[in-house]
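Read the structure below first, then the notes.
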Amino acid sequence: MKKIIYSIAILSLLMTSCVSDDVTFNENKDAAYEVPAATLFANSQKALTDQLTSPSVNEGSIFRYFPQYLAATQYTTESRYRISSRAIADRHWRILYATVLGGLESAKEVIATEVAPTGVSAAQFQSEQKNKLAVIEIFEVYTYQILVDSFGDIPYTDALQPKTIVLPKYDDDASIYPKLITRLDAAIANLDTSNGSFSSGDIVYSGDVAKWKLFANSLKIKLGVNLINTNITLAKSTIESAYNAGVITTNDNNASFNYAVSAPNYNPIYENLVASNRNDFVPAATIVNAMNTLNDPRRARYFTPLANGSYLGGKYGYTNIYTNFSHVNPILTAPDFPSLLMEASEVNFYLAEAASKGFSVGNTTAYYYNQAITASFENWGIADQAAAYLLNPSVNFATAPGSTPEEKIANQEWIAFYNRGFEAWTAYRRLNFPVLVAPANAYSEAEGQVPKRLTYPINEQTVNGNNWTTASAAIGGDKLKTHVFWDPNL
């Protein structure tokens, strides 16, 4: 069976000023054929996780810079918010649309052609196939949310239809979220926890349908929290229904992508900080100083100490001499160090935020705040130090600095998300804390602000220009400072 490229990005790359009349134009002639669905699903999982994990701007990932977790030693361009020089937005767009979503759509096609193995009843087989499709759907929703949160308005209704639509229109970002929630509800309803799904190829949960159900409901919480400032009614119903159905609140249910110890499947942090033998980054003073002030025990897991036992971060946005500062801890640079797509600490922080709005989520804001921090400590192997940390007056929810619950939550969420740059950037934009300041030497395109979105790919301007122009006008300009719809600072 020939595979169709389900990617607006790949199509854009192949086009110049017109669309080919060749009937095989949309076929990927270099692609493998008869690829198993499990392989396609695994490839999509890895591609997305790599993109969210990698510290390399050459690979299109800038998400450890925006929350000011890393500072550059030599090449400061991206830490000063110029993302065009290495086509960062183009790569991020292409990976998510072409590799991740394209692979998932191809996996759906393959599943439709599969037949029951010998010895497996028709009923069991159909249930497992239905579970596979639901799991893929859940992962697609997760990917689409990342695209919306990255760019704002994106192709959605017209996307992934290469046979009929090669120049897709962009959907209003606020209209996409409700559709994603509807898709999640349908996928959850199709999950049968009494049967399995992928027997191979699911690197995150190894085909465990019950855990995918927890992930899906946790993803609903995540969508709902982002809606609090713009559609509180939908936010409330989404969060409460997800909470009642069961979400990830303990680390044993984390959505963990487990890397291998050898190439090409080792962690991209290892690839870029160890295997490449390069010293391009040091931890940024922004995060190090904040943790120093709190005497946060997680410093010993996040960073390496100097000879005197202290922790020192580099100046964000400027060059830094590598040997003068703390480094990324070898825990994170192990080749098989796992990356998380959803975790207990994250969901508990979301529930804390929901509780602060009066939503019915089973407990108080302070309770979930404490649970979130405790889960973070546990996940970093220092659970025994969490209780003492929570007694620190600058950490304890009742006494911590901050005029609102959201500010207190945001400051601790930012620390807990140290290895999850994209989620940290999203939380910062939504909650407007911690206070992050663009470096004085930031490029003019940043307009003096920490970026609020990625600008659209250059390729979209040149190939899908009319739709790009319409979308850019709709969001208030294709600029780094333009906000996505859920950002309260519009």
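The values are calculated or read from the model by the stated rules, or taken from the named source; none is laboratory data. Quantities reported herein were computed from a predicted structural model and do not represent experimental measurements. Backbone-built Cβ (ideal geometry, glycine too); neighbour counts: all protein chains shown. These accessible areas exclude ligands, DNA and RNA; they are computed on the full protein's heavy atoms, side chains included. Shrake-Rupley method; radii C 1.70, N 1.55, O 1.52, S 1.80 Å.
Packing here is the average count of other Cβ atoms within 10 Å per residue, and on that basis the peptides 411-420, 182-191, 283-292, 398-407, highest first, run 411-420, 283-292, 182-191, 398-407.
Of interest is the spacing of the C-alpha centroids, which for region 54-133 and region 429-490 amounts to 22 Å. Let me check against my output: what whole-number percent is the relative contact order of the chain, with C-alpha pairs under 8 Å and at least 6 apart? Contact order relative to length: 20 percent.
If the only charges are +1 at each Lys and Arg Cβ and -1 at each Asp and Glu Cβ, what is the size of the charge dipole of region 392-490 around the Cα centre, to the nearest 20 debye? All intermediate terms of the calculation are to be shown ahead of the outcome.
Details: 8 positive and 9 negative charges, 14 e Å.
Dipole about the Cα centre, nearest 20: 60 debye.
Converting phi to 3J(HN,Hα) with the Karplus coefficients 6.51, -1.76 and 1.60 and the offset θ = phi - 60°, region 246-263 yields x, 10, 7, 10, 10, 5, 5, 10, 4, 7, 10, 8, 9, 6, 9, 8, 10, 5 Hz in sequence order, with x at every glycine or proline.
Here the Karplus curve 6.51 cos²θ - 1.76 cosθ + 1.60, taken at θ = phi - 60°, turns the phi angles of region 412-423 into couplings of 6, 4, 4, 5, 5, 8, 3, 9, 9, x, 5, 5 Hz, with x standing for Gly and Pro.
In the full protein context, region 30-88 carries 32 Å² of accessible surface per residue, based on a 1.4 Å probe and ignoring ligands, DNA and RNA. Here the 3J(HN,Hα) profile of region 342-359, calculated from phi with Karplus coefficients 6.51, -1.76 and 1.60 at θ = phi - 60°, is 7, 9, 4, 4, 4, 5, 5, 5, 4, 5, 4, 5, 5, 4, 5, 8, x, 6 Hz, Gly and Pro shown as x. Given q = 0.12, 0.14, 0.20, 0.26 Å⁻¹, what are the Debye log10 I(q)/I(0) values for region 313-383, with equal point scatterers placed on the Cα positions and solvent ignored? Relative scattering, expressed as log10 I(q)/I(0), comes to -0.53, -0.66, -0.87, -1.05.
Give me the 1.4 Å probe accessible area per residue for region 191-312, excluding ligands and nucleic acids, in Å². Working shown, then result.
On the way: 4900 Å² over 122 residues.
I get 40 Å² per residue for this part.
Residues whose amide H lies under 5 Å from that of ALA438, counting only those 5 or more places away or on a different chain, are VAL450; hydrogens are built 1.01 Å from N in the peptide plane. Taking every protein chain into account, the accessible area of region 346-397 amounts to 37 square angstrom per residue (probe 1.4 Å).
Take the solvent-accessible surface of the protein heavy atoms, probe 1.4 Å, and return the percent of it on region 241-322 that carbon and sulfur atoms account for. Show your work: numbers first, answer last.
Values: 1810 of 3700 Å².
Carbon plus sulfur share of accessible area: 49 percent.
Amide H contacts under 5 Å for ARG82: TYR443, restricted to partners 5 or more places along the chain or on a different chain, H placed in the peptide plane at 1.01 Å from N.
Could you tell me which of the pairs LYS130/LYS213; LYS108/LYS130; LYS357/LYS408; LYS357/LYS481 are separated by over 18 angstrom between their Cα atoms in the structure shown? LYS357/LYS481, as the Cα separations exceed 18 Å there.
Close amide H contacts of PHE303 (hydrogens built in the peptide plane, cut-off under 5 Å, sequence separation of 5 or more or a different chain): ASN329.
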